[in-house]
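> Once you've had a glance at the structure underneath, I'll fire off some questions.
The values are calculated or read from the model by the stated rules, or taken from the named source; none is laboratory data. All values reported here derive from a predicted model rather than from experimental measurement. Quick reminder, even Gly has a Cβ in these numbers, built from the backbone with ideal geometry, and neighbours come from all protein chains shown. Just so you know, the surface numbers come from the protein's heavy atoms only, side chains and all, with ligands and any DNA or RNA stripped out. Shrake-Rupley method; radii C 1.70, N 1.55, O 1.52, S 1.80 Å.
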Amino acid sequence: MHLFPSAGLFAAFVAASVLLALTPGPDMALYLSRTFGGGRSHGFAALAGAMSGVVVHTFAAALGLSALIAASARAYDAVKIVGALYLLYLAWGALRHGAALRLEAGDGGAATLRRAYLAGLLINLTNPKIILFFVTFLPQFIDAGDLDPSAKLFALGFSFVVIGGLVSAAIVVAAGRFVAAARAHPRAARGFDYGFAGLMGAFAARLILGAAR
C-alpha cells in the first residue's frame, strides 16, 4: 500500500505546501511578533501552538473526509466541487486584498512561553478557514477509489504539518531579515499573493476538470 500519491503529484503537493507556508497570515504574524517581543524561544513556542492547532484540524479533516468517502463517493465528489469554488474564492481574495504582514505588539515583560504557545494554539483552533482549507486542499490528492483513503489523508495532512513547521521555523530563525525583506520589497510580498492565487486557481481547475470526466 502506498501512503502517498505519484511522485509528480506529491512534488506538486510539497511545492504547494511550501508556498502556503511562506504566504503571510495571522499565524505567521503571531509567531514573528512573539519572536521580536520575547526572543526566538517565544517565537518557537507560538509556532508549536500554531502547529498543534493544525494537527487538530488535520485529524478533523481526515476523519471527516474518510467517513464521507465510505458513505458516498458521489457526496465526496460534490464536496470537491464545492471545494473548487472555495479555492477560487481564496484566489480572488488574495488578488483583491493581498496578504500584508502586520505584526502585533508582544506581551512585554508579562510574556511567558506558555502564553505564547496558547496564543498560537488558539489562533488556529478558532479559525474555521483552516478546516475549510484542509477539506478543499487534501481531496486534490485523494480519489474516492483509493484502497485506503484514510491512511493517505493522514499521511498528506501530517506531511503538510511537517513542511509548514520546518518552513516557519526557518522564518523564526531569520525573523529580522525576513520582515525587513518583506517591508523593503513590497512587490516580492505581492508576488506571494499572485502565487497563492494562481495555485488555488490551478487546484480548482483540476477539481472541476476531474469531476467533468
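> Name the pairs whose Cβ atoms lie under 6 Å apart, with the first residue in segment 158-182 and closer than 30 Å to L3 by Cβ and acidic (D, E), the second open to solvent by less than 40 Å² (accessible area, probe 1.4 Å) and assigned to a helix (DSSP H, G or I), and 6 or more positions between them or separate chains?
Within 6 Å, no pair qualifies.
> Given the options G201, G108, G210, G176, name the one that is under 30 Å from G64 (Cα atoms) and either at pLDDT below 80 or open to solvent by 50 Å² or more (accessible area, probe 1.4 Å) (or both).
G210 is the lone residue from the list that is under 30 Å from G64 (Cα atoms) and either at pLDDT below 80 or open to solvent by 50 Å² or more (accessible area, probe 1.4 Å) (or both).
> Based on what the data block shows, is L3 of a type in the set (A, V, I, L, M, F, W, C) and assigned to a loop (DSSP other than H, G, I, E, B)? Steps first, answer last, please.
Values: of a type in the set (A, V, I, L, M, F, W, C): yes; assigned to a loop (DSSP other than H, G, I, E, B): yes.
Considered against the rule, which asks whether it is of a type in the set (A, V, I, L, M, F, W, C) and assigned to a loop (DSSP other than H, G, I, E, B), L3 comes out as yes.
> Give the residues of segment 34-70 that are over 18 Å from the mean Cα position of the chain (by Cα), of a type in the set (S, T, N, Q) and modelled with pLDDT of 85 or more, sorted by residue number.
Result: T35, S41.
> A further question on this structure: Taking S52 as the residue in question, decide whether it is among the polar types (S, T, N, Q), free of Cβ contacts under 8 Å to residues at least 60 places away in the same chain and surrounded by fewer than 18 Cβ atoms within 10 Å (Cβ to Cβ).
Answer is no for this residue.
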